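Every number in this text was worked out from the coordinates using simple rules, so none of it is lab data. Everything numeric here is computed off the predicted structure, so don't read it as measured data. Glycine gets a Cβ as well: all are built from the backbone with ideal geometry, and neighbour counts include every protein chain shown.
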Amino acid sequence: MTVTVRVPAKVNVQLAVGGVRGDGFHPLANVFLAVGLYDEVTAAPARELRVTCSGPGSQYVPLDRTNLAARAAIALAELHGLAPDVHLHIDKDIPVAGGMAGGSADAAGALLACDVLWGTRTPREQLLAICAGLGSDVPFSYVGGAALGVGRGEQLTPLEVGGEFHWVFAVADGGLSTPAVYGEFDRLTAGTEVPEPAASAALLTALRTGDTAALAAGLSNDLQAAALSLRPSLAETLAQGTRAGALAALVSGSGPTTAFLAKDAEGAHRVAQALLASGTCVAARVAVAPAPGAVVL
């Protein structure tokens, strides 16, 4: 028996970041939107824990116990007093180290796949608690749709979405370290009063009503300046997408993937073609949001 789970990428339509806390984390108001780019995680019986990976960027994915999917399997096994004897195969389609929560998605997928494979029937609340222990984005990767994440981003409130939104994601050459981007944020904001993060009421209304133009006007990412400081070339990618007709452009999460909101499907394909032709990215992916969370196939 094998179990395959499909898990979505995410874009942060708002990422409000507060000043660093005593525990080293930053308080967030993080408006997540799951988008239709997916990894698939397959769990199969094995004599010991093993991780394999295929797809674009798979050469950069660790295959040892530091892999978030492996850590998810270990955490679930410990909860139930089992040995984490499973072969996890990750089929990547979410950009690796791209600020779209690909590793978090794989953890959420592995957790659900192992729970089904092992027949452990873990309550959803316990699965989400394991997710939160693995990383700030993992709970959202599990639930999908749209949600406001506070705390470190792991405390979720589901959000209503009243329509479809068409996105283009420009994949950069190489990754950006999330800790490095937060470190640069701290450097850039040193000596200033960083406000407490709060979700934008106008942006939440735009999501609820499906108003693409209003969503475009409300997109924001407090980490964007830090990502551009570390990777200045991303500014040209953002400019190219805007010139091609995107309603709005921003760095996705901690980057270096850049996200472009288009008016409709036709507009998204035009933006993607222009971005590829500009030579400022290695791939341009079109996707529709919202997307469901972790689903057994």
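A compact table of results
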quantity	calculated
Stretchable slack from Gln155 to Ala201, in nm (0.36 nm times residue separation minus alpha-carbon distance)	14.7 nm
Calculated FRET value between Ser220 and Asp173, using beta carbons and R₀ = 25 Å, to 0.05	0.45
Protection-proxy order for peptides 49-55, 10-16, 280-286, each taking the mean of Cβ atoms within 10 Å per residue, highest first	10-16, 280-286, 49-55
Global geometry of region 115-222, whether rounded, prolate or oblate, following the gyration tensor of its Cα atoms and the 1.5 cut on a/c	oblate
Mean separation of Cα contacts under 8 Å (6+ apart) over length of the chain, as relative contact order %	26 percent
The chain, helix-only ellipticity at 222 nm - DSSP H runs n ≥ 4, -39,500 (n - 2.57), divided by all residues, nearest 500	-10500 deg cm²/dmol
Shape call, region 182-297: gyration tensor on alpha carbons, a/c limit 1.5	oblate
Two-site FRET efficiency, Gln126 against Met1, from Cβ-Cβ distance with R₀ of 22 Å, rounded to 0.05	0.45
Centre separation in Å (Cα based) which lies between region 48-118 and region 130-170	19 Å
Projected area, mean over directions - the chain, Cα convex hull, nm²	14.7 nm²
Neighbourhood net charge (12 Å Cβ-Cβ; Lys/Arg +1, Asp/Glu -1) for Leu215	0
Per-pair calculated FRET efficiency, R0 = 25 Å: Glu164 and Ala277 via Cβ, rounded to 0.05	0.45
With Cα atoms, 0 to 90° folded angle of helix 68-80 axis to the chain main axis	40 degrees
Net charge of neighbours whose Cβ lies under 13 Å from the Cβ of Gly57, counting Lys and Arg as +1 and Asp and Glu as -1	-3
Along each principal axis, Cα extent of region 3-159, largest first, Å	45, 34, 29
Neighbourhood net charge (13 Å Cβ-Cβ; Lys/Arg +1, Asp/Glu -1) for Ala70	-2
